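Working notes, beginning with the structure itself.
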Amino acid sequence: MKMDVLLGLQWGDEGKGKIVDVLAPDYELVARFQGGPNAGHTLEFDGIKHVLHQIPSGIFRSQILNIIGNGVVLDPIVLQKEIGGLAKFSIDYRKNLLISKKATIIIPTHKLLDAALEQSKGEKKIGSTLKGIGPTYQDKIGRLALRVGDILSPDFKEKYQALVEKHKTTLSFYNHPLDQLEEMEVQFFEAIEFFKTLNLIDSEYVVNQALAAEKKILAEGAQGSLLDIDFGSYPFVTSSSTMTAGACTGLGVAPSRIGEVFGIFKAYCTRVGSGPFPTELFDQTGEEMRKEGNEFGSTTGRPRRCGWLDLPALKYSIMINGVTQLFMMKADVLNIFEEIEVCTHYELPNGEQIDQLTFEVSNMDVKPIYKKMKGWNCSLEDVRSYDEFPEELKAYVSYLESELNVPIKLVSVGPDRVQTILR
Ligand code: GDP
Ligand code: IMO
Ligand code: MG
């Protein structure tokens with residue numbers, strides 16, 4: 001058996017949570033492999049809207065095991081709150097939620113460091129969610145971090161204190177105030193006690209034994225490929241490997257064990273936080289897209305920047321991830337437009353046109369070259385099959401498939417589970 005991977009191909013918020021929830025009944029395990037509480041994955045069903053940050057999006061299906069893998073950075077305070085938020089759904093989280101002892105812990109000073117580092121960058125700030133992600137991954141790579149398994153050791157407090165002392169040196173360099181720290185630490189240690197009661201495991205064994213037992217696993221990506229630490233628009237990226245390869249290191253699964261790679265993209269583009277965004281619209285059209293798509297962050301509530309679909313960027317993400325199936329999200333948001341544009345190339349300052357996301361392109365102002373297409377300009381609310389799609393939407397899907405050379409197997413026409421059209 002192989003493990004399927006589901007990833008965002010743009011700058012995050014493509015609708016990963018919705019689709020993991022839709023696909024989950026086909027799987028026995030759903031696993032997060034990177035990121036942390038910077039993610040906000042929204043699920044809608046039976047009139048309920050719920051946002052998950054660290055818990056995998058299979059949690060609402062009682063037969064599914066949900067794993068938080070070693071590649072994740074976990075905030076115990078956020079986790080306790082998140083689990084508290086599930087109480088009304090009577091989910092048996094002690095049975096259905098398994099956490100890797102090798103996952104890294106976000107401690108309160110990581111959040112202070114995130115704020116201090118962002119502040120020090122001034123106009124060049126990343127637009128981080130300030131959840132402590134960057135400083136925690138920095139400590140992981142620097143071989144200083146605390147891991148989930150450490151909370152069970154009798155000297156956890158000393159290990160914690162040693163790390164905090166290091167952080168305080170840096171915080172004092174930035175003149176960052178520490179007045180919130182005491183209260184944050186009270187919450188943290190309370191959350192750690194709760195954390196100890198959860199199902200902490202060696203997830204690489206659980207995952208590989210499940211594969212050996214022919215069980216189906218879906219790896220749920222967070223963020224998006226254009227925020228990847230290696231291939232995203234560095235330095236305006238997150239600090240983890242958001243691509244297929246990250247699912248291998250973030251769960252302990254061999255590359256030869258990867259099956260389908262589902263690439264999710266919006267029918268247009270959004271980005272929250274700073275960094276290059278060639279097709280960004282600063283006009284009324286962008287404003288209408290934001291309003292129609294309700295493009296406000298699920299984690300921070302910030303307005304998302306909006307623009308037309310960017311084919312060179314999408315082709316790049318498909319290439320680095322080995323995407324085998326495409327899922328197009330939020331097609332309904334484009335209902336309002338009589339004409340739709342798609343960026344096919346970038347024009348460089350010297351007039352040259354290219355369709356690659358080279359190092360230089362990621363670091364300069366490029367002009368998007370657009371192909372214009374007729375919009376469908378009607379509601380998709382009652383559409384329940386591909387045959388019922390307006391001709392213009394069918395033409396949009398066919399055009400994208402011909403450009404991207406990967407089949408679009410699913411089109412999403414609304415936030416609810418049922419507003420999902422399989423092809
Ligand atoms: P994720 O981070 O990739 O899981 O995506 P988010 O949950 O942050 O953002 C996606 C938003 O779009 C959420 O509010 C979803 O409820 C919503 N959404 C998902 N699919 C669709 C769709 O097809 N149409 C519309 N209108 N909204 C959708
Ligand atoms: P999901 O999983 C959209 C962005 C932030 C910022 C940059 C770095 O919901 O798609 P970080 O907090 O990681 O230091 O922020 O990455 N970012 C996201 N944007 N969706 C996300 O997650 C994101 N997680 C981080 O806005 O620009
Ligand atoms: Mg999100």
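The values are calculated or read from the model by the stated rules, or taken from the named source; none is laboratory data. Note that the structure is a prediction, hence the values are computed from the model and not measured. Positions of Cβ are backbone-derived with ideal geometry, glycine not excepted, and every protein chain shown enters the neighbour counts. Note: areas computed on protein heavy atoms with side chains; ligands, DNA, RNA excluded. Shrake-Rupley method; radii C 1.70, N 1.55, O 1.52, S 1.80 Å.
Counting other C-beta atoms within 10 Å, and keeping those with at most 15, which DSSP coil GluC sites (Glu not before Pro) do you find in region 320-423?
Details: sites: Glu338, Glu339, Glu341, Glu347, Glu352, Glu360, Glu381, Glu388, Glu391, Glu392, Glu401, Glu403; in loops: Glu338, Glu352, Glu360, Glu381.
Hits after loop and neighbour filter: Glu338, Glu352, Glu360, Glu381.
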Where the only charges are on Cβ atoms (+1 Lys, Arg; -1 Asp, Glu), what is the dipole of region 1-136 about its Cα centre, to the nearest 20 debye?
380 debye
Under a 1.4 angstrom probe, counting protein chains only, how are Cys306, Cys378 ranked by accessible area, largest first?
Cys378, Cys306
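Computed FRET efficiency, Cβ-Cβ of Ile141 and Asp230, R0 22 Å: what is it to the nearest 0.05? It would help to have the intermediate numbers written out before the result.
Numbers: r = 13 Å, r/R0 = 0.58.
Approximately 0.95, to the nearest 0.05.
Please give the FRET efficiency for Val186 paired with Phe89, using the beta carbon to beta carbon distance and R0 = 41 Å, rounded to the nearest 0.05. Mind showing how you got there, number by number?
Numbers: r = 28 Å, r/R0 = 0.69.
Efficiency at R0 = 41 Å is approximately 0.90.
Using heavy-atom solvent-accessible surface (probe 1.4 Å) with all chains present, what is the largest-first order of Met328, Met1, Met319?
Details: Met328 0, Met1 75, Met319 135 Å².
Putting Met328, Met1, Met319 in descending order of accessible area: Met319, Met1, Met328.
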Extent of region 288-404 along each principal axis, from alpha carbon coordinates, in Å, largest to smallest?
46, 36, 29
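Assuming R0 = 22 Å, what is the FRET efficiency of Glu388 and Val418, from their Cβ-Cβ distance, to the nearest 0.05?
Numbers: r = 14 Å, r/R0 = 0.64.
After rounding to 0.05, the efficiency reads 0.95.
Starting from 0.36 nm per residue, how many nanometres of slack lie between Glu347 and Lys372 once their C-alpha separation is accounted for?
Computed gain between Glu347 and Lys372 is 7.3 nm.
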Stretchable slack from Glu381 to Lys291, in nm (0.36 nm times residue separation minus alpha-carbon distance):
30.7 nm
Toward the positive end of the charge dipole of the chain, about the Cα centre and with charges on Cβ (Lys, Arg +1; Asp, Glu -1), which of Phe327, Val30, Gly17 goes farthest?
Val30
In degrees between 0 and 90, to the nearest 10, how far off the longest principal axis of the chain does helix 311-321 point, with axes built from Cα atoms?
50 degrees
Quote the Stokes-Einstein diffusion coefficient, in whole µm² s⁻¹, for region 348-410, based on the Kirkwood radius over alpha carbon pairs, a temperature of 37 °C and a viscosity of 0.692 mPa s.
223 µm²/s
Run through region 199-256 and list the GluC sites (Glu not before Pro) located in a DSSP loop whose Cβ has at most 12 other Cβ atoms within 10 Å.
Glu214
Zone of Ala254 (label point 7 Å along Cα→Cβ, backbone N under 20 Å): which residues in region 200-231?
203-219
In nm, the gap between the two label points placed 7 Å beyond Cα toward Cβ at Lys81 and Phe173 is 2.9 nm
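May I ask which of Lys16/Lys371; Lys124/Lys196; Lys49/Lys168; Lys95/Lys291; Lys102/Lys216 have a Cα-Cα span longer than 30 Å here? Please report the intermediate quantities before stating the final value.
On the way: Lys16/Lys371 27 Å; Lys124/Lys196 39 Å; Lys49/Lys168 39 Å; Lys95/Lys291 40 Å; Lys102/Lys216 23 Å.
Over 30 Å apart, Cα to Cα: Lys124/Lys196; Lys49/Lys168; Lys95/Lys291.
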Leading residue at positive end of dipole, the chain (Cβ point charges), from Gln54, Trp376, Phe189:
Phe189
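Could you please state how large a percent of the accessible area of the chain is carbon and sulfur, counting protein chains only and using a 1.4 Å probe? Please list the in-between numbers first.
Numbers: 9070 of 17780 Å².
Summing carbon and sulfur atoms, their accessible area is 51 percent of the total for the chain.
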Rg and Dmax of region 262-322, Cα atoms only, in Å:
12.2, 36
If the convex hull is drawn through the Cα atoms of the chain, its volume per residue in Å³
142 Å³
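Only Lys, Arg, Asp and Glu count, each charged at its Cβ (+1, +1, -1, -1), so figure out the dipole size of region 58-164 about its Cα centre, rounded to 20 debye.
220 debye
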Based on DSSP loop calls and a cut-off of at most 15 other Cβ atoms within 10 Å, the longest stretch of the chain free of exposed chymotrypsin sites (Phe, Trp or Tyr not before Pro) is what?
1-173
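Give me the extension gain from Asn199 to Lys409: residue separation times 0.36 nm, minus the current Cα-Cα distance, reported in nm with one decimal. Each step should come with its number before you reach the end.
On the way: separation 210, 0.36 × 210 = 75.60 nm, distance 3.57 nm.
Fully extending the segment from Asn199 to Lys409 adds 72.0 nm.
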Computed over the chain, the relative contact order (Cα-Cα under 8 Å, seq sep at least six) in percent reads 20 percent
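With contacts defined as alpha carbon pairs under 8 Å and 6 or more residues apart, what's the relative contact order of region 251-340 in percent?
Working: 109 pairs, mean separation 37.9, N = 90.
Rounded, it is 42 percent for region 251-340.
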Give me the 1.4 Å probe accessible area per residue for region 229-333, excluding ligands and nucleic acids, in Å².
35 Å²
